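Comments concern the structure below.
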Amino acid sequence: MRYLILLIILLCLNRSGQCQSADSVYNLQQCIDIAITNNLTVKRSELDMERSRVYWQQQRAALLPTFNGVVNHGLSTGRGLDPFTNTYLNQQIASADYGVNANLILFNGLSVQNSIRQTALAYQAGKMDFEQAKNDITLNVITIYLQVINNTDLLTQANNQLEVSRQQVQRLQVMNANGAVKPSDFYDVKGQQGTDQLTVINAKNALDASKLNLLQIMNVPYTRSITLQRLDASQVSSTKFNESAEQIYTTAIQNLPLVKAATLRRQSAEKQVKVAKGNMLPVLALSGGLATRYSNAARKSIFVDSMEVNTGAFIKTAGGNQPVYAYNQNFSSDKIGYFNQFKNNYNTQVNLGLQIPILNGFVSRNRVALAKIDLQETRYVEETTRIQLKQNVEQAYINMASAYERFQVLTEQVDAFKESFRTAEIRFNAGALTSVDYIVAKNNLDRANNNLINARYDYYIRTKILDYYQGKLNF
């Protein structure tokens, strides 16, 4: 049993380690999805969109009639007004009022209808802002993801450089011990090995920093062991970008959520002006209600009997004074029941009202003026967005074209320095070249390789920025 439990524990730990190792490998689409899910800026943009949707639904509900119920219970002590008889009583009175009322706006200058359109456009603008936030985080993830791969390639290149130096040091160390090489050549190459080791350390630090940036934007805990899947050669294309800057701008105007959001907000502001103007018109409303009440002071009289009594008055007759008798009716007082009052006090009302604004401190006029100012501001924002977009597209296009030219030149330079280093290494190994010349040739090749790696990914990132403006950030 002990061996069985131990075996189960080992299997679980092994499985957990495998899962953890698998979770440390991300492809680009996974990084984008995680960042969109976890990024707080995107979440806040989604909340703003939901808030706009609630405002829109609220305005739609404003077309419905209002319906409310009223329940009031009261208890008074001392001299007070009996709500049943409207007379003053000096006693404790418990009373209650019940009612329902409804109100329907028949006409208010189409303010409600325009408010529905205004909030609907604002909601659509919020959706565009949400899409823009996702696009922005997608572009950031792509840029940092490629930076990580770029730094990975630079680290690989640095290790290759160090390996070449290490092999030369090992070879020259034996030759130096046998006196077959000048000591200065040995120590020059050994010093170059130290330089290459520092390059490896710097490359590792740059790689770790880029991984940290990627995980921070994804809002996940930092793990140094994270591994990114490399993009296919077809994805990291180095072919020349075909579209012109004007074509990219035209596509961006039609597809970029940022531009659509600015246009929708301008249209929403136009509807807001109509809402403000509608508030200056008369309001026609239909209302009605049902009501009843109860009071514990309400009483009713009940006939008991009648009897003949002497009134104390008399009349003179020939026979003398005759007393006057009258019938006196006797009543008893009894409380009126709760449900009887509830039924007997029932009343209804229907009202048709017209409210005409005449003078209200110019509030409505000022609201119209402020709405027009807001409209003009949204027009400026829309125009500014278009201008900035055109400037950004032109600058991004220039950066892309420059990156492509730099990549082409560096490709040719690497080919040239490869051949130069190949011949220099052969001559140095044969003792026909000094260590200084050998190190210069090696440094030229190493520097060209590093520049080419940077140029390749820089050009690819520049093309992705242009794809971002065209709404093509899909993987």
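One residue alone among TYR438, TYR457 is more than 23 Å from VAL141 (Cα to Cα), modelled with pLDDT under 90 and of a type in the set (Ser, Thr, Tyr), and that residue is TYR438.
Return a yes/no flag: does the range 265-282 have any residue that is surrounded by 15 or more Cβ atoms within 10 Å (Cβ to Cβ), touching a Gly at 6+ places or on another chain (Cβ under 6 Å) and part of a helix (DSSP H, G or I). Yes, because at least one residue in the range 265-282 is surrounded by 15 or more Cβ atoms within 10 Å (Cβ to Cβ), touching a Gly at 6+ places or on another chain (Cβ under 6 Å) and part of a helix (DSSP H, G or I).
Applying the condition of being in contact with a Ser or Thr (Cβ under 7 Å, 6 or more places away or on another chain) and charged (D, E, K, R) to the range 176-214 and asking which residue is modelled with the lowest pLDDT yields ASP185. Kindly indicate whether any position in the range 128-147 is over 29 Å from ALA262 (Cβ atoms) and surrounded by fewer than 16 Cβ atoms within 10 Å (Cβ to Cβ). Looking through the range 128-147, none of the residues is over 29 Å from ALA262 (Cβ atoms) and surrounded by fewer than 16 Cβ atoms within 10 Å (Cβ to Cβ).
Among the conditions (1) more than 30 Å from ALA252 (Cβ to Cβ); (2) modelled with pLDDT of 80 or more; (3) hydroxyl-bearing (Ser, Thr, Tyr), the only one that THR311 does not satisfy is (2).
I want to confirm something. Restricting to the range 307-353 and keeping residues that are basic (Lys, Arg) and under 30 Å from ASN101 (Cβ atoms), which single residue is surrounded by the fewest Cβ atoms within 10 Å (Cβ to Cβ)? Applying the filter and picking the extreme gives LYS343.
With the structure loaded, tell me whether LYS390 is of a type in the set (D, E, K, R), under 30 Å from TYR459 (Cβ atoms), modelled with pLDDT of 90 or more and in contact with a Leu (Cβ under 9 Å, 6 or more places away or on another chain) or whether it fails that test.
Considered against the rule, which asks whether it is of a type in the set (D, E, K, R), under 30 Å from TYR459 (Cβ atoms), modelled with pLDDT of 90 or more and in contact with a Leu (Cβ under 9 Å, 6 or more places away or on another chain), LYS390 comes out as no.
Considering ILE217, ILE201, the condition of being within 18 Å of VAL148 (Cβ to Cβ), in contact with a helix residue (DSSP H, G or I) (Cβ under 8 Å, 6 or more places away or on another chain) and hydrophobic (A, V, I, L, M, F, W, C) is satisfied by ILE217 alone. Just one of the listed residues (THR434, THR384) is farther than 30 Å from ASP129 by Cα and either surrounded by 14 or more Cβ atoms within 10 Å (Cβ to Cβ) or free of Cβ contacts under 8 Å to residues at least 12 places away in the same chain (or both), and it is THR434. Residues in the range 195-233 that are hydrophobic (A, V, I, L, M, F, W, C) and either assigned to a helix (DSSP H, G or I) or at positive phi (or both): LEU198, VAL200, ILE201, ALA203, ALA206, LEU207, ALA209, LEU212, LEU214, LEU215, ILE217, MET218. With a requirement of 1 or more residues that are touching a Leu at 6+ places or on another chain (Cβ under 9 Å) and of a type in the set (S, T, N, Q), the strands (runs of 3 or more DSSP E) lying completely within the range 57-156 that satisfy it span 66-76, 93-107.
The values are calculated or read from the model by the stated rules, or taken from the named source; none is laboratory data. Just so you know, these numbers come straight off a predicted model, no measurement behind them. In this analysis, Cβ positions are derived from the backbone assuming ideal geometry, glycine residues included, and neighbour counts consider all displayed protein chains.
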